[in-house]
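None of the figures in this text is laboratory data; all of them are computed from the coordinates on show. Remember, predicted model here, so these are calculated numbers, not experimental data. We place every Cβ from the backbone using ideal geometry, glycine too, and count neighbours over all the protein chains shown.
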Number of protein chains: 2
Amino acid sequence: MIRTILDHRSVRKYKADFIAPDILKLVLEAGVRASNTGNMQVYTMVVTHNKEIRTQLWEAHFKQNMVLQAPVHITFCADFNRFSKWCQYRDAIPGYDNFLSFFTGATDALLASQNVALAAEAQGLGICYLGTAVYNADKLIEILKLPKLVVPVAAIVMGYPEEMPELADRLPLEGVIHSEVYNDYSRNDIDKIYFEKESMLIYKDLLQINEKETLAQIFTDKRYTKKDNVFFSAKYLEILEKQGFMNNL
Amino acid sequence: MIRTILDHRSVRKYKADFIAPDILKLVLEAGVRASNTGNMQVYTMVVTHNKEIRTQLWEAHFKQNMVLQAPVHITFCADFNRFSKWCQYRDAIPGYDNFLSFFTGATDALLASQNVALAAEAQGLGICYLGTAVYNADKLIEILKLPKLVVPVAAIVMGYPEEMPELADRLPLEGVIHSEVYNDYSRNDIDKIYFEKESMLIYKDLLQINEKETLAQIFTDKRYTKKDNVFFSAKYLEILEKQGFMNNL
């Protein structure tokens, strides 16, 4: 168990081999066992094999090759549609068209997704999360025909790895743990926490390629810019509104 | 691995036994190995042992006994404070004071939390998620001294189980999986998906105790009411604003 967790790598190259139905079923069952809010299970997993639909998803995911390569694409959604329909058919009046309910569904969906990812890895499969599921949630909603009260919060591709990447670097544990309460960071703390990362050869090469002076600038100016963040913030909030999750009064 | 996942139960009664530091460290290391966005690791885990602070947390968690019983309380937070400080000290201008960045941090934090939960269970520990981390995020922010750009998204208690509950029921897998695209639910689908749950003796007893006609009414009228959802929606959005995550223009 711990070994599977500690060995995780995001796989970006896949074999064409399909996943046997009983293995896929076991992996999905693992998702369902995750903790969830009040045992309402307010999430949905859309499992897509179809090549044509995956080609549409590939476009929504900024044409990342792995989406075409991997035989399975799973979209994890906050889903209060099923639960609300159940309420309506049982003479109960659902009140889940608000932001808290979205966040509840998102939490349920994300915990389930991590169970699915780990169960897959334990079966020799590889996975990769796609941040684009949030950036282009509107396109996923269209492609996957998601009704109101259903919003994508994460997506993974899954398949047998063609290539296993190196274990990714991480900040030292002390960098992300706080003891008892939050201990805010001094400049010295930041220097220490990022020392190892900033010393890595791969990142030094990146500076040259990107013509930047610091690794942080690659994040702020290239990868996760304020402009993009603001754009996708407004877009995702609009999607929450459109899917019926922003009636907060 | 799969066995640990399939065996999960939320533990609500704990022994006083403390958790050995090396076991706790391994469990936290497991959290750090989870997938995260762009390897930015924009989350924080606040690990609280101190009885006085846990007593304050217990009050914030609507005085659920397990918060006092379990020796460890971990608060998982979206955290762009550390990353933004790093940017500032490296001549880079961070643009992470927006909703997308909050949701990115929340996703990172939740995936890490599920790794921690599973690693703990693999070590014979028990855990329980506390939804109150979101409802009363403002109190957690105060107690744990969380600065701007840090917001609690989940909390768990952890310790050695005093009592192992039965495996919780779940909807049949077909109830939460959609094949290829979303297949919306007919009344007949809903009847089938909820049949087993609605037949369970424990739920039938609940109807009597709560003087309700349907199980759904217990959720809409008692456990997750519209009034509460709307209240906590507005409160959490206000907290996001106050912590500096709502500059979306």
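Based solely on its DSSP helices, what 222 nm [θ] is calculated for chain B when runs of n ≥ 4 H residues each add -39,500 (n - 2.57) and the sum is averaged over all residues, nearest 500 deg cm²/dmol? Mind dumping the intermediate values first?
Working: 12 runs with 120 residues, N = 249.
Taken over chain B, the calculation gives -14000 deg cm²/dmol.
Within the set of other residues whose C-beta is less than 10 Å from the C-beta of A:Arg82, count the net charge using Lys and Arg as +1 and Asp and Glu as -1.
Details: positive: A:Lys85; negative: A:Asp79, B:Asp184, B:Asp189.
Here the count lands on -2.
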- [ ] Would you mind telling me which residue in A:Ala168, A:Ala16, A:Ala78 has the biggest mean-square fluctuation in a Gaussian network model of chain A, where springs connect alpha carbons within a distance under 10 angstrom?
- [x] A:Ala168
Open item on the list: Using +1 at the C-beta of Lys and Arg and -1 at the C-beta of Asp and Glu, which of A:Ile5, A:Ala119, A:Val153 has the Cα lying farthest in the positive direction of the dipole of the protein assembly as shown?
Closed with: A:Val153
Open item on the list: Quick check: pseudo-label points 7 Å beyond the Cα along Cα→Cβ at A:Lys63 and B:Asn65, how many nm apart are they?
Closed with: 6.1
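Rounded to two decimals, what is the ratio between the C-alpha radius of gyration of chain A and 2.2 N^0.38 Å? The partial results should precede the final answer.
Numbers: Rg = 20.1 Å, N = 249, 2.2 N^0.38 = 17.9 Å.
Relative to the rule-of-thumb radius for its length, chain A sits at 1.12.
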Task: Euclidean distance between Cα centres, segment A:41-92 to segment B:9-36, Å - done: 31
- [ ] Given the options A:Ile74, A:Ile193, A:Ile156, state which has the largest fluctuation in a GNM of chain A using a 10 Å cut-off (strictly under) for Cα springs.
- [x] A:Ile193
- [ ] Using R₀ = 25 Å, calculate the FRET efficiency as 1/(1 + (r/R₀)^6) where r is the Cβ-Cβ separation of A:Ile23 and B:Glu163; round to 0.05.
- [x] 0.15
TODO: Report the calculated FRET efficiency for A:Glu174 and B:Arg187 (r = Cβ-Cβ distance, R0 = 60 Å), to the nearest 0.05.
DONE: 0.65
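State the extension gain, in nm to one decimal, for the chain segment bounded by B:Lys222 and B:Glu52, taking 0.36 nm per residue of separation less the distance between their alpha-carbons. Numbers along the way, then the final one.
Working: separation 170, 0.36 × 170 = 61.20 nm, distance 3.17 nm.
So the chain would gain 58.0 nm between B:Lys222 and B:Glu52.
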Open item on the list: Under 10 Å, Cα contacts only: if you run a Gaussian network model on chain B, which one of B:Lys212, B:Lys148, B:Lys25 comes out with the highest mean-square fluctuation?
Closed with: B:Lys212
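I want the local charge near A:Ala92. Using Cβ-Cβ distances under 13 Å, sum +1 for each Lys or Arg and -1 for each Asp or Glu among the other residues.
Details: positive: A:Lys85, A:Arg90, B:Lys212, B:Lys222, B:Arg223, B:Lys226; negative: A:Asp91, B:Glu198, B:Glu213, B:Asp221.
Cβ neighbours under 13 Å give a net charge of +2.
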- [ ] Estimate the FRET efficiency between A:Ile209 and B:Ala16 by the formula 1/(1 + (r/R0)^6), using the beta-carbon distance for r and 56 Å for R0, to the nearest 0.05.
- [x] 0.55
TODO: Calculate the spin-label point distance for A:Asn39 paired with A:Leu249, positioning each point 7 Å from the Cα along the beta-carbon direction, and give it in nanometres.
DONE: 3.8
TODO: Would you compute, for the Cα atoms of the protein assembly as shown, the largest minus smallest coordinate along each principal axis and list the three values in descending order, in whole Å?
DONE: 67, 58, 43
TODO: Output, in nm with one decimal and in ascending order, the distances from the A:Arg223 label point to the matching label points of the other copies (7 Å from Cα along Cα-to-Cβ).
DONE: 4.1
